[in-house]
Amino acid sequence: MKKVIDILKSFFNLVEIVILLMILANVWVFALTNGRTYTKISKIPPRETALVLGTSPKMKSGISNPYFTTRMDATSLLYHHGKIKKIIVSGEKSKGYDEPSAMKNYLVYQEGVPENIIIQDPNGFKTQMSIRNCKEVYHQNDVIIVSQGFHNLRALFYARNSDMNALGFDAQDVDANQSYYRNQSREFLARVVAVIYYVFNVEQHS
């Protein structure tokens, strides 16, 4: 019986350590990105380029995805207030699915953004890849990353660790509901993964 109790104690001690490390990973991400995100257009300093992180333009029900539309609204706000000169729309492009084209079309036809300043990155399958492509493929270093606030923290973590002069502009978040809390929980875990990738110098290819 004592052996079983010792095993259980060791197990719960391990669980406590894992949870503590996960919390510390998130604290590191918050600390590194502190003061680098903005919610007010009047406060954010200008940068050469906006990097807009992709998401599906439609929800499973077929209606417009509010995460998508608010990101486009935020990007349009940056452009029309003279905060950026170029825009990279980065997302997934696969057979029958094209986030960058959807973002570009929305910006041009719904938001009045000139088509010639928009660059499509069809290989932004993951946040880390979008950041890498921005720096290495499109040679943009001074950027404003556009996404919801919870996502921007991880994106800025990748950018800052790539020596990019990056800021985050937080698109309006979606009303608190089941998807909101699911996204927050998922992002908590994703930040842990981001820290692990950084510590062990692992690059996310898919």
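Points to keep in mind about this one:
- Residues within the range 62-93 that are within 20 Å of the chain's Cα centre (by Cα) and free of Cβ contacts under 8 Å to residues at least 12 places away in the same chain, tallied: 2
- Residues that are modelled with pLDDT of 95 or more, part of a loop (DSSP other than H, G, I, E, B) and touching a helix residue (DSSP H, G or I) at 6+ places or on another chain (Cβ under 8 Å) do not occur anywhere in the range 148-163.
- Hey, M22 modelled with pLDDT of 95 or more, assigned to a helix (DSSP H, G or I) and not polar (S, T, N, Q) or not: no
- When residues in the range 102-125 are screened for being buried (at least 17 other Cβ atoms within 10 Å of the Cβ) and either β-branched (V, I, T) or in a loop (DSSP other than H, G, I, E, B) (or both), 6 of them pass.
- Between I145, I131, the distinction of being under 11 Å from L51 (Cα atoms), β-branched (V, I, T), assigned to a strand (DSSP E or B) and touching a residue at least 40 places away in the same chain (Cβ under 8 Å) belongs to I145 only.
- For I88, the conditions (1) at pLDDT below 95; (2) outside any loop (DSSP other than H, G, I, E, B) all hold with the exception of (1).
- Members of the range 8-41 found to be closer than 24 Å to Y106 by Cβ and among the hydroxyl-bearing types (S, T, Y), listed by number: T37, Y38, T39
- For the range 47-78, the set of residues classified as out of contact with any helix residue (DSSP H, G or I) (no Cβ under 9 Å at 6 or more places or on another chain) and farther than 28 Å from V195 by Cα consists of K60, S61, G62, I63, S64, N65, P66, D73, L77, L78, listed by residue number.
The values are calculated or read from the model by the stated rules, or taken from the named source; none is laboratory data. Predicted model, so just to flag it, every value in this text is computed and none were measured. Cβ atoms come from the backbone with ideal geometry, glycine included; neighbour counts cover every protein chain shown.
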